[in-house]
1. How long is the gain from residue 74 to residue 116 if the chain were fully straight, where each residue apart is worth 0.36 nm and the alpha carbon distance is subtracted?
2. Taking 0.36 nm per residue of sequence separation and subtracting the Cα-Cα distance, how much length would be gained by fully extending the chain between residue 108 and residue 127, in nm to one decimal?
3. Determine the shape class of segment 1-75: with a ≥ b ≥ c the square roots of the Cα gyration tensor eigenvalues, call it rounded for a/c under 1.5, and otherwise prolate if a/b is greater than b/c, oblate otherwise.
4. Taking just the alpha carbons, could you work out the radius of gyration and Dmax for the chain, both in angstroms?
5. For segment 2-131, what relative contact order do you get, as a whole percent, if you take Cα pairs closer than 8 Å and at least 6 residues apart?
6. Per DSSP helix of 4 or more residues, -39500 (n - 2.57); summed, then divided by the residues of the chain. What does that give at 222 nm, rounded to the nearest 500?
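Computed from the coordinates by the stated procedures, all read-outs in this text should not be read as laboratory data. It should be emphasised that the depicted structure is a prediction, and the values quoted were computed from it without experimental measurement.
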């Protein structure tokens with residue numbers, strides 16, 4: 001579980017620093033084994049459920065953790081998923097409800113940061129995630 005937490009933190013830290021340029025203190029991991037939430041926004045603090053990463057991505061990405069290329073499909077999928085999930089949660093800074101105003105903010109955020117996400121994805125790998133002590 002700690003290894004998967006470090007993997008997810010590595011992704012989120014990279015997105016915070018290189019894509020969205022938001023303080024990493026804004027992002028939090030939690031582990032809810034019974035709830036259906038993948039993530040939520042609580043007063044501009046973003047919370048990501050580690051259980052979802054463990055169940056959906058951890059086993060599939062395991063063989064590629066030391067790969068130096070981001071062109072591996074599962075890595076591409078994971079980064080894109082957490083990019084869009086972060087966009088979703090950031091949109092809740094502007095609109096709490098899932099309505100047309102929320103959709104507008106979600107689209108605006110995703111488009112605004114898409115180029116930065118693509119640059120980040122070109123350079124991303126899990127290769128050094130174990131060398132960081134942020135979990």
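1. On the way: separation 42, 0.36 × 42 = 15.12 nm, distance 1.95 nm.
Working it through step by step, the gained length comes to 13.2 nm.
2. Values: separation 19, 0.36 × 19 = 6.84 nm, distance 3.18 nm.
Additional length available on full extension: 3.7 nm.
3. On the way: a/c = 2.31, a/b = 1.23, b/c = 1.89.
Verdict is oblate for segment 1-75.
4. Taking only Cα atoms of the chain, I get Rg and Dmax of 14.4, 42 Å.
5. Details: 145 pairs, mean separation 40.8, N = 130.
Once divided by the residue count of segment 2-131, the mean separation gives 31 percent.
6. Details: 4 runs with 60 residues, N = 135.
Helix-only estimate at 222 nm: -14500 deg cm²/dmol.
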